[in-house]
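Participant: This is the structure, below, for whatever I ask next.
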Amino acid sequence: MATDPADLLRQHGIQVTAQRLAVLRAVTGQPHSTADAVAELVRAEIGAISLQSVYDALGLLVSEGLIRRIQPAGSPARFEDRVGDNHHHLICRVCGRVVDVDCAVGSAPCLAAADDQGYEIDEAEVAYWGRCPDCIAKDQAASHADPPPRRRSRKTAAHPGS
């Protein structure tokens with residue numbers, strides 16, 4: 001975060017509180033965190049805070065454009081401080097890891113829909129799904145592991161020595 005978090009809140013007319021500062025720092029420090037993960041980070045920094053207070057702070061910061069809320073299909077909402085650039089996300093189907101990815105070409109090519117049906121489009125949300133490099137490596141390592149021991153046939157097991 002380039003600007004001091006307290007100054008950033010003040011610039012947006014948000015009252016500065018320890019809870020809001022801690023939530024903003026948590027999202028900045030761990031982008032793509034869920035509200036539960038943000039709450040854990042905040043508790044580690046300032047002590048007790050209710051999950052509802054975390055949700056309230058996240059909601060306020062989203063409404064003021066200081067953070068962005070994304071919700072990949074089948075996943076809880078996640079929060080990040082990279083706002084205003086219409087970037088997209090890569091999401092691992094195995095471990096759920098989320099990383100940022102810029103639009104493929106130009107400044108905002110994803111804003112040119114084939115048929116905008118009269119909408120004035122100002123943002124596009126794209127999620128690329130697949131497997132992250134770590135999960136691919138784990139899968140490859142598992143496939144190269146020693147094969148399981150061979151089972152004895154029923155005939156051999158029932159009649160040893162035949």
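The values are calculated or read from the model by the stated rules, or taken from the named source; none is laboratory data. What you see is a predicted model, and the numbers here were worked out from it, not measured in a lab. Positions of Cβ are backbone-derived with ideal geometry, glycine not excepted, and every protein chain shown enters the neighbour counts. Ligands, DNA and RNA are stripped out before the accessible areas are found, and what is left, the full protein with its side chains, is counted by its heavy atoms. Shrake-Rupley method; radii C 1.70, N 1.55, O 1.52, S 1.80 Å.
Participant: Give the range 3-15 a look and list any residue that's surrounded by 13 or more Cβ atoms within 10 Å (Cβ to Cβ) and of a type in the set (Val, Ile, Thr), or say none.
Facilitator: Ile14
Participant: Has the range 118-125 got at least one residue that is of a type outside the set (Lys, Arg), under 14 Å from the mean Cα position of the chain (by Cα), at pLDDT below 85 and assigned to a loop (DSSP other than H, G, I, E, B)?
Facilitator: Taking every residue of the range 118-125 in turn, at least one turns out to be of a type outside the set (Lys, Arg), under 14 Å from the mean Cα position of the chain (by Cα), at pLDDT below 85 and assigned to a loop (DSSP other than H, G, I, E, B).
Participant: Another question, if that's okay. Looking at the range 63-80, which of its residues are open to solvent by less than 50 Å² (accessible area, probe 1.4 Å) and under 23 Å from Asp7 (Cα atoms)?
Facilitator: Within the range 63-80, Gly65, Leu66, Ile67, Arg68, Phe79, Glu80 meet the criteria.
Participant: Oh, and also: Any idea which of (1) hydrophobic (A, V, I, L, M, F, W, C); (2) part of a helix (DSSP H, G or I); (3) without any contact (Cβ under 8 Å) to a residue 40 or more places away in the chain; (4) surrounded by 13 or more Cβ atoms within 10 Å (Cβ to Cβ) is the one Ile49 doesn't satisfy?
Facilitator: Unmet for Ile49, out of (1) hydrophobic (A, V, I, L, M, F, W, C); (2) part of a helix (DSSP H, G or I); (3) without any contact (Cβ under 8 Å) to a residue 40 or more places away in the chain; (4) surrounded by 13 or more Cβ atoms within 10 Å (Cβ to Cβ): (2).
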